[in-house]
Amino acid sequence: SLGALAFYFFDRFQNKDEPIPDFRDPSWQGIRAIRSGDDRTTEINKTGTHDVTAKVFRCMDIETSYITHSGRHSGSVEGQRLGVPEEEIRRAGRWVQGTSKMHQYYLSSLPVPFARAIAGFGKKPFHLKRNDIVPSLDLQRRIFPFIEGAYDAHGDEAKLRWEA
């Protein structure tokens with residue numbers, strides 16, 4: 001999901017020439033991460049979410065009756081296939097069976113065994129080799145050219161530590 005969001009932002013700010021927000025000006029906080037149409041301050045609504053998701057499914061030849069809740073459904077099925085205990089699946093999907101609204105909406109404990117199993121680490125330690133790679137300083141500056149200017153404007157040089 002994070003990688004998809006990174007590509008989405010890259011498309012918006014690089015390919016579609018949307019101006020990169022000025023993080024020194026508090027008005028940037030009105031910009032929506034997932035916007036509706038060309039207005040960067042209007043959030044996407046339920047219909048827009050449904051339509052975009054359905055279009056992606058059609059492009060990928062995915063047949064499903066679950067459009068906006070497809071991940072919730074398939075996550076539960078995959079969790080069961082991986083042998084995740086039913087209680088963990090229920091918590092991960094916020095499925096309610098004899099529990100109060102507190103358990104449905106406000107339970108703060110994360111379903112770690114479920115998340116690890118879905119990510120492929122149900123029985124082994126979690127480690128991604130790609131996390132060991134530090135991008136070159138040149139690449140970091142190319143990807144985030146606005147960072148130094150944003151920090152320098154606030155006098156926060158101590159927070160800005162590029163890794164080489």
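The values are calculated or read from the model by the stated rules, or taken from the named source; none is laboratory data. Predicted, not measured: the structure shown is a model, and the values here were computed from it. Backbone-built Cβ (ideal geometry, glycine too); neighbour counts: all protein chains shown.
Has region 14-31 got any residue that is in a helix (DSSP H, G or I), out of contact with any helix residue (DSSP H, G or I) (no Cβ under 9 Å at 6 or more places or on another chain), within 29 Å of Phe121 (Cβ to Cβ) and not polar (S, T, N, Q)? Give the derivation first.
In the first step, residues of region 14-31 are kept if they are in a helix (DSSP H, G or I); the result is 14-15, 26-30.
Applying the additional criterion that residues be out of contact with any helix residue (DSSP H, G or I) (no Cβ under 9 Å at 6 or more places or on another chain) yields 14-15, 26-30.
Keeping just the survivors that are within 29 Å of Phe121 (Cβ to Cβ) gives none.
The answer is no; no qualifying residue exists.
Residues in region 53-71 that are surrounded by 14 or more Cβ atoms within 10 Å (Cβ to Cβ) and in a helix (DSSP H, G or I): 4 in all. Taken together, the residues in region 109-146 that are farther than 21 Å from Arg90 by Cβ, part of a helix (DSSP H, G or I), within 21 Å of the chain's Cα centre (by Cα) and of a type in the set (A, V, I, L, M) amount to 1.
Of the numbered conditions (1) of a type outside the set (Lys, Arg); (2) part of a helix (DSSP H, G or I); (3) modelled with pLDDT of 70 or more, Met102 satisfies every one except a single condition; which is it? It fails just one condition, (3). The residue of region 6-43 that is surrounded by the most Cβ atoms within 10 Å (Cβ to Cβ), among those that are modelled with pLDDT of 90 or more and of a type in the set (A, V, I, L, M), is Ile20.
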